[in-house]
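Comments concern the structure below.
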């Protein structure tokens, strides 16, 4: 993340010194919503002190083309690490990371080609290079990771995980707008929200290791299983699903997303309901229905509560609220059922 912002500062210096503060030389090739420069007195003072500004030309699209893949892929595996470090290390050392790298690079290159400009050929070549070096980086970081860390299993830890993912997602969207779209001028307006998200993230990660663990009830366990399967299954097609609507294939993107969710749900059901008798399975269906209904309503309300610049922010907030509500309902009903035996197969 730091390197992305360093590049933004260098890009701004380049535009101020070489192009007189006018980004039209590149902005004319791209859609609206890019290149809101941070060209205030402080930035201009910095720019005046940078020698050889013409040497900063690679900061225009090229550096970002290299950094975007590791930024996105490392953010994803960070979420996986928070959920289960053992699973994170296994995935990081497997072919899945290479498949994700190739999949994401293909999507990025398709977007590049759709926005063809004088930099496109170089950007695609740079992205291919990034695809070759990012998986070894992910594997190296995973090997250096320790065996410690809390196992996300209890309702409290699942809620801390949800808060962490929301906060990280908010920060990623902030970087997307202010850095990846070269809108460093938006940073001041987004800084309060980013600071709040960083505070939530720090608090959630601090709490994650201190919250009680233990084995969850059957409904909460099914949520945990579904989450594990979904994160692994979604790793490779994630970016294709995200950019599918932009690339002209919304039905295909939606179908892929539903397929991943369905597969994760099926695998989670098999794991969570193993050994459950018919009566307990029926009760679980009631728990799941209540959790989905309550979570869906809460998530919908969260999405509609605020009008967002980027629709992903609303979806992220709604998903976090939906997940947290569903976990709470599952935890309460598990506790209620645990105190009332439902038969020997329960």
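The values are calculated or read from the model by the stated rules, or taken from the named source; none is laboratory data. Quick caveat: nothing in here was measured; it's all calculated off a predicted structure. Positions of Cβ are backbone-derived with ideal geometry, glycine not excepted, and every protein chain shown enters the neighbour counts.
In this structure, is residue 90 in a helix (DSSP H, G or I), under 30 Å from residue 320 (Cα atoms) and free of Cβ contacts under 8 Å to residues at least 24 places away in the same chain? Before the answer, list the steps.
On the way: in a helix (DSSP H, G or I): yes; under 30 Å from residue 320 (Cα atoms): yes; free of Cβ contacts under 8 Å to residues at least 24 places away in the same chain: yes.
When the stated conditions are applied, residue 90 passes them.
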Among (1) under 30 Å from residue 166 (Cα atoms); (2) part of a loop (DSSP other than H, G, I, E, B); (3) touching a helix residue (DSSP H, G or I) at 6+ places or on another chain (Cβ under 6 Å), residue 70 falls short only on (2)
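Per-residue answers, yes or no, for (1) under 18 Å from the mean Cα position of the chain (by Cα); (2) free of Cβ contacts under 8 Å to residues at least 60 places away in the same chain; (3) under 21 Å from residue 152 (Cα atoms):
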position: 239; (1), (2), (3): yes, no, no
position: 273; (1), (2), (3): no, yes, yes
position: 280; (1), (2), (3): no, no, no
position: 285; (1), (2), (3): no, yes, no
position: 290; (1), (2), (3): no, yes, no
position: 330; (1), (2), (3): no, no, yes
Check: Has the range 93-115 got at least one residue that is more than 25 Å from the chain's Cα centre (by Cα), part of a helix (DSSP H, G or I) and assigned by TED's automatic domain parsing to the domain that holds residue 235?
Finding: no
Q. Does residue 309 meet the test of being surrounded by 14 or more Cβ atoms within 10 Å (Cβ to Cβ) and either touching a residue at least 60 places away in the same chain (Cβ under 8 Å) or under 21 Å from the mean Cα position of the chain (by Cα) (or both)?
A. no
Condition set over 12 Å from residue 226 (Cβ atoms) and surrounded by 13 or more Cβ atoms within 10 Å (Cβ to Cβ), scope the range 256-271, selection farthest from the chain's Cα centre (by Cα): answer is 259
Residue 2 vs (1) surrounded by fewer than 18 Cβ atoms within 10 Å (Cβ to Cβ); (2) farther than 21 Å from residue 136 by Cα: all pass except (2)
